[in-house]
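Read the structure below first, then the notes.
The values are calculated or read from the model by the stated rules, or taken from the named source; none is laboratory data. What you are looking at is a predicted structure, and each value in this text was computed from that prediction instead of being measured. Note that we place each Cβ from the backbone using ideal geometry, even for glycine, and neighbour counts take in every protein chain shown.
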Amino acid sequence: MAETMHININDFSVPDISVVVPVKNEAENIAPLIDEIRASLAGGALYEIIYIDDGSTDATPHELEKQFSAGAPLRVIRHAKSCGQSAAIISGINAARGHIIVTLDGDGQNDPADLPAMLTRFRKNSDFDNLLIAGWRTKRRDTTIKRWTSKLANALRRRLLKDNTPDTGCGIKVFSRAGFMAMPHFDHMHRFLPALTIRGGGQVVSVPVNHRHRERGVSNYGTLDRAWASIWDIMGVLWLLNRANQPVSSEVQFTAEEPDQ
């Protein structure tokens, strides 16, 4: 069950952008990342930051409370127990008020400084309900085994799902809330947003982004268990893709006849 914990909104204006950040036991990364998000979006469109605390057992709730008290445009949703990253993202987007969604990993490896350019690219498309701007970590700052397992998983995924996306695992993405809500929701779906976007008739644009070493805290994910889960997930998404049906449709326009005099 997800519970909305804090809302720090100074007025009742509806934001254009909702920045959704899932976290579990990331107390040391809360303040630095929120500061960077605020700096990257300052002076632009109205935005809100939504943190989803996925059952943290460290000081994450306390650090989020401090940011709320310090005036961050912050909303916090807490899962009573850990449900995984996809469930956290779904909870955040369900609560989001912005029509543009930005997702970021909460470990600080994604760079919020990439957001202004990604948002500009997103807004250039008039049909942005069917557009996903996906970050592409061209220079990964991870361990060797993580880079190799990710490379193998990406190669298998591209071959089977034909999503034409070099890096679906990158957490920094921009897309519309409406487009996301139209997708099927399931565990681990966040890894397959490009394939699901294409399944719905949309377009995916990959843009190079900065990737940073994790400076604080420890990863919540193992390498081998993630690899095995990815293989099973790919099979499930392939099943979904094979059953997608996108009709070509248009509204019929009738010409009203003048009534008889």
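Checking the stated criteria, Lys81 turns out to be assigned to a loop (DSSP other than H, G, I, E, B), surrounded by fewer than 21 Cβ atoms within 10 Å (Cβ to Cβ) and free of Cβ contacts under 8 Å to residues at least 60 places away in the same chain. Can you tell me which residue within segment 96-145, out of those that are assigned to a strand (DSSP E or B) and not β-branched (Val, Ile, Thr), is farthest from the chain's Cα centre (by Cα)? Checked segment 96-145; the qualifying residue farthest from the chain's Cα centre (by Cα) is Arg137.
Residues considered: Glu65, Glu48. Of these, the only one that is assigned to a strand (DSSP E or B) and in contact (Cβ under 8 Å) with a residue 40 or more places away in the chain is Glu48.
Go through segment 51-62 and count every residue that is within 20 Å of Arg38 (Cβ to Cβ) and assigned to a strand (DSSP E or B). Total meeting the criteria: 3.
Can you find even one residue in segment 152-173 that is farther than 16 Å from Phe192 by Cα and either buried (at least 16 other Cβ atoms within 10 Å of the Cβ) or modelled with pLDDT of 90 or more (or both)?
no
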